[in-house]
Amino acid sequence: MTEVLKVNEAVSTWENHVNSWISFNKVPRLVMKYEQMIISNENTVRSIAEFIKLIFKDNNIISDKAIMSTIKNTSFRNLQKQEKEKGFEEATSGKFFRNGKS
């Protein structure tokens with residue numbers, strides 16, 4: 001059986017969590033809003049891909065095919081289906097993928 005390692009985390013507000021990452025300048029980071037993903041999913045995924053390319057300094061690391069596959073596999077409907085079939089460990093109570101609206 002694989003041992004699961006847990007990390008202690010400070011519990012605070014979402015605003016404090018986001019601000020802590022925005023002000024943490026020692027690592028590259030990409031901050032985006034859920035609303036951005038709803039409004040322009042393809043542009044959001046492409047922004048993530050560009051960020052990964054920047055970190056790994058490799059322009060060929062992510063193909064257009066991989067981007068389109070990511071968009072399909074992470075659609076809200078698909079994530080709901082996966083949660084129903086396999087569960088979702090991060091859900092603390094009830095369903096995690098409830099309605100997908102901002």
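General observations
- I62 falls short of the stated requirement of being open to solvent by 60 Å² or more (accessible area, probe 1.4 Å), among the aliphatic types (A, V, I, L, M) and at pLDDT 85 or above.
- Residue, most open to solvent (accessible area, probe 1.4 Å), within segment 67-102, restricted to residues that are farther than 30 Å from K53 by Cα and among the hydroxyl-bearing types (S, T, Y): T92
- Residue in segment 40-50 that is in a helix (DSSP H, G or I), touching a residue at least 12 places away in the same chain (Cβ under 8 Å) and open to solvent by 70 Å² or more (accessible area, probe 1.4 Å) present: yes
- For segment 51-89, a residue qualifies if it is assigned to a helix (DSSP H, G or I) and of a type in the set (K, R), and the qualifying residues are K53, K65, K72, R77, K81, K84, K86.
The values are calculated or read from the model by the stated rules, or taken from the named source; none is laboratory data. On a predicted model such as this, the values are computed, not experimentally measured, just so you know. Glycine also receives a Cβ, built like all others from the backbone with ideal geometry; neighbour counts cover every protein chain displayed. Just the protein is used for accessible areas: all its heavy atoms, side chains included, with ligands, DNA and RNA removed. Shrake-Rupley method; radii C 1.70, N 1.55, O 1.52, S 1.80 Å.
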